[in-house]
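Worksheet: one structure, shown below.
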Amino acid sequence: EIVLTQSPTTMAASPGEKVTLTCRASSSVSYMHWYQQRSGTSPKLWIYETSKLASGVPNRFSGSGSGTSYSLTINSMETEDAATYYCQQGSSYPYTFGAGTKLELK
Amino acid sequence: EVQLQESGPGLVKPSQSLSLTCSVTGYSITSNYWGWIRKFPGNKMEWMGYISYSGSTSYNPSLKSRISITRDTSKNQFFLQLNSVTTEDTATYYCARYRPHRSTFDYWGQGVMVTVSS
């Protein structure tokens, strides 16, 4: 099973600040997907196949990476971006998720 | 729009079976794949399994001996049964649509919290 390690576990960012979240895989994967989960709601697909934004996702978000190292970047933090972000791999069975990065507004 | 809604008991006794229903509207479950994912206290998430448009299933090996996913196409519902539960099965359970060509879960239900306790 591929283990996904997200860092940091929690962080706080000020409005306008650039934010980078990291997901490292225990073995190489072809793509990484990201989900956003705001408090009290279900996860939403946010970025798929490493760098493609899901429908309705603002273009201040971007994704990058390859092999075992992937990242999600917010170009300029906004209030609505406060949430927990999970990475997920579907390259290797069983599909696995990271433990999440909780992003708070400073 | 695709909508999913989980339902089922919020409290299950240890050693008993957990049974949940996912009702789907806006899309036929005879198309695509439909899965279950759970989120434990502390945020760890686990893919549990899925059922395909044809009724075939795939399960996480960690659960393989305890899990069953079935469906009722006439009601556009699919079901999760998890046997011999313990307190470690306490979690929020989500149903979701799985897109195998992208390996993503693109529509999720709102989730149902299940506590295993005597």
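Using the structure shown, select from B:LYS39/B:LYS64; A:LYS44/B:LYS44; B:LYS13/B:LYS75; A:LYS44/B:LYS39; B:LYS13/B:LYS64 the pairs with a Cα to Cα distance greater than 23 angstrom. Mind showing how you got there, number by number?
Working: B:LYS39/B:LYS64 18 Å; A:LYS44/B:LYS44 16 Å; B:LYS13/B:LYS75 28 Å; A:LYS44/B:LYS39 14 Å; B:LYS13/B:LYS64 21 Å.
Where the Cα-Cα span goes over 23 Å, the pairs concerned are B:LYS13/B:LYS75.
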(request) Based on alpha-carbon positions alone, could you give the equivalent ellipsoid semi-axes of the protein assembly as shown from the gyration tensor, as √(5λ), descending, whole Å? (result) 29, 19, 17
(message) Tell me which of A:SER71, A:THR9, B:ALA96 sits at the most positive position along the dipole axis of the protein assembly as shown, charges placed on C-beta atoms (Lys, Arg +1; Asp, Glu -1).
(response) B:ALA96
(request) Lys and Arg at +1, Asp and Glu at -1: add these up for the other residues within a Cβ distance under 15 Å of B:ARG66 and post the number. (result) -1
(message) Compute the distance from the alpha-carbon center of the range B:8-45 to that of the range A:50-106, in whole Å.
(response) 24
(request) With label points built 7 Å along Cα→Cβ from the Cα atoms of B:THR25 and A:SER39, find their separation and express it in nm. (result) 2.9
(message) Could you tell me the relative contact order of chain B? Use alpha-carbon pairs under 8 Å, at least six residues apart, and round to a whole percent.
(response) 35
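Just to confirm a number: summing +1 for Lys and Arg and -1 for Asp and Glu over residues other than B:VAL114 whose beta-carbon lies under 10 angstrom from that of B:VAL114, what do you get? Don't skip to the answer; put the middle values down first.
Details: positive: B:ARG38; negative: B:GLU6, B:ASP89.
Result for the neighbourhood of B:VAL114: -1.
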(message) Between A:SER27, A:SER42, A:SER69, where does the largest GNM mean-square fluctuation fall for chain A, given springs only between Cα atoms within less than 10 Å?
(response) A:SER42
(request) Between beta-carbons, use under 12 Å as the cut-off and find the net charge around A:GLN6, counting Lys and Arg +1, Asp and Glu -1. (result) +3
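Let's test the formula: R0 of 25 Å, r as the Cβ-Cβ distance of B:THR87 and A:GLU1. What FRET efficiency results, to the nearest 0.05?
Taking R0 as 25 Å, the efficiency between B:THR87 and A:GLU1 is 0.65.
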(request) Report the charge-dipole magnitude of the protein assembly as shown in Debye, nearest 20, computed about the Cα centre from +1 at each Lys and Arg Cβ and -1 at each Asp and Glu Cβ. (result) 180
(message) If I take every Cα pair under 8 Å that is 6 or more residues apart in chain A, average their sequence separation and divide by the length, what percent do I get for the relative contact order?
(response) 39
(request) Please get the size of the charge dipole for chain B, origin at its Cα centre, with Cβ charges of +1 on Lys and Arg and -1 on Asp and Glu, quoted in debye to the nearest 20. (result) 160
(request) Taking the dipole about the Cα centre of the protein assembly as shown, with the C-beta of Lys and Arg at +1 and of Asp and Glu at -1, give me whichever of B:GLN3, A:THR22, B:GLN16 is farthest to the positive side. (result) B:GLN16
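Going through the range A:1-92, which chymotrypsin sites (Phe, Trp or Tyr not before Pro) have at most 13 other Cβ atoms within 10 Å and a DSSP loop state? Provide the component values of the computation, followed by the final result.
Numbers: sites: A:TYR31, A:TRP34, A:TYR35, A:TRP46, A:TYR48, A:PHE61, A:TYR70, A:TYR85, A:TYR86; in loops: A:TYR31.
Passing sites in the range A:1-92 do not exist.
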(request) Between A:MET11 and B:SER15, with labels modelled 7 Å along Cα→Cβ, what's the label distance in nm to one decimal, could you check? (result) 4.8
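Laboratory data are not the source of any read-out in this text; all were calculated from the coordinates shown. Because the structure is predicted, anything quoted here is derived from the model rather than measured. No Cβ is skipped: glycine too gets one built from the backbone with ideal geometry, and neighbour counts run over all protein chains shown.
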